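One structure below.
The values are calculated or read from the model by the stated rules, or taken from the named source; none is laboratory data. Since this is a predicted model, take the numbers as computed values, not measurements. When we count neighbours, we look across all protein chains shown, and the Cβ atoms used for this are built from the backbone with ideal geometry, even at glycine. Note: accessible area is taken over every heavy atom of the protein model, side chains too, but ligands, DNA and RNA are not part of it. Shrake-Rupley method; radii C 1.70, N 1.55, O 1.52, S 1.80 Å.
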Amino acid sequence: MDIACEQCNGKFKIPDDKIPKGKAFSVTCPKCKSKIAIDTQESVPAPAEKTPPPPPEPEASPEKALFDEVSTESYDAGEKPFDFVEEGVETAMLCEPDPDIRSSILSALEHMGYQTREPESAVDALKQMRFHVFDLVVLNENFDTDNPDNCDVLTYLDRLSMDTRRNVFVCLLTDRFRTTDNMAAFNKSVNLVINLKNIGEIEKVLKRGVTDNASFYRVYKESLVSTGRI
């Protein structure tokens with residue numbers, strides 16, 4: 001370090017390793033013996049502030065990842081559930097993992113006149129619903145999930161716009177609630193609940209539920225037609 005004496009204008013050097021860092025001190029001028037004040041506090045660089053690491057990006061939930069996977073995929077005509085549907089023919093989607101129960105329900109739906117599709121997974125079901133609004137969805141709450149309260153197909157249906165959802169009759173198959181439990185149906189945002197113990201009567205129960213639902217919305221739909229809204 002170069003040192004200059006203000007009294008005699010003498011100049012001399014002090015080895016850097018002899019100078020205490022970050023302190024104020026004084027030395028004696030070798031010429032005039034006066035005290036020279038030296039302050040190295042300002043020369044010590046302040047410790048650099050550590051930049052906090054960016055917060056970790058939240059991991060996408062499996063449910064959101066599934067919906068994103070389906071919604072961002074490009075158009076694939078091979079995923080359409082029907083090439084065409086004859087006028088007046090109603091369509092149904094059956095989501096039931098048990099083959100014996102599925103066969104029994106499929107027979108009932110065919111007898112009721114529905115053209116039915118049977119997706120193999122929740123992803124398959126969501127892809128089909130991208131292209132077609134089914135008149136009837138029969139869904140086991142355990143379809144492609146280990147948690148009946150986290151059924152992706154049911155969540156997708158619940159997110160549909162009201163104008164679309166109103167035209168889909170959703171029947172939930174369950175072993176937790178009794179058949180035609182209206183409070184359970186309201187809580188799960190479905191039109192009808194059928195207990196798996198009553199699968200043998202599903203055609204009769206479904207017909208009654210669909211008929212009651214049509215009667216409930218008849219006046220509403222007629223008013224939409226009369227006002228030109230549909």
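Summary table below
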{"item": "Gyration tensor verdict on segment 68-224 (Cα atoms; rounded if a/c is under 1.5, prolate if a/b is larger than b/c, oblate otherwise)", "result": "rounded"}
{"item": "Extension reserve of the Glu222-Asn182 stretch, reckoned as 0.36 nm per residue once the Cα distance is removed", "result": "11.9 nm"}
{"item": "Residue-normalised accessible area of segment 95-156, expressed per residue, 1.4 Å probe, Å²", "result": "44"}
{"item": "Lys/Arg +1, Asp/Glu -1 at C-beta; segment 101-230 dipole; positive extreme among Val168, Val225, Ile105", "result": "Val225"}
{"item": "Per-peptide average of other Cβ atoms within 10 Å, ordering 86-99, 192-205 highest first", "result": "192-205, 86-99"}
{"item": "By average C-beta atoms within 10 angstrom, highest first, the peptides 210-222, 131-143", "result": "131-143, 210-222"}
{"item": "Phi to ³J(HN,Hα) by Karplus 6.51 cos²θ - 1.76 cosθ + 1.60 over segment 81-88, Hz, x for Gly, Pro", "result": "x, 9, 6, 7, 10, 4, 4, x"}
{"item": "Segment 102-152, dipole about Cα centre (Lys/Arg Cβ +1, Asp/Glu Cβ -1), debye to the nearest 20", "result": "260"}
{"item": "Ranked packing of 144-153, 28-37, most packed first, by mean Cβ within 10 Å", "result": "144-153, 28-37"}
{"item": "For segment 71-230: lysine pairs under 21 Å (alpha-carbon distance), excluding those fewer than 8 apart on one chain", "result": "5"}
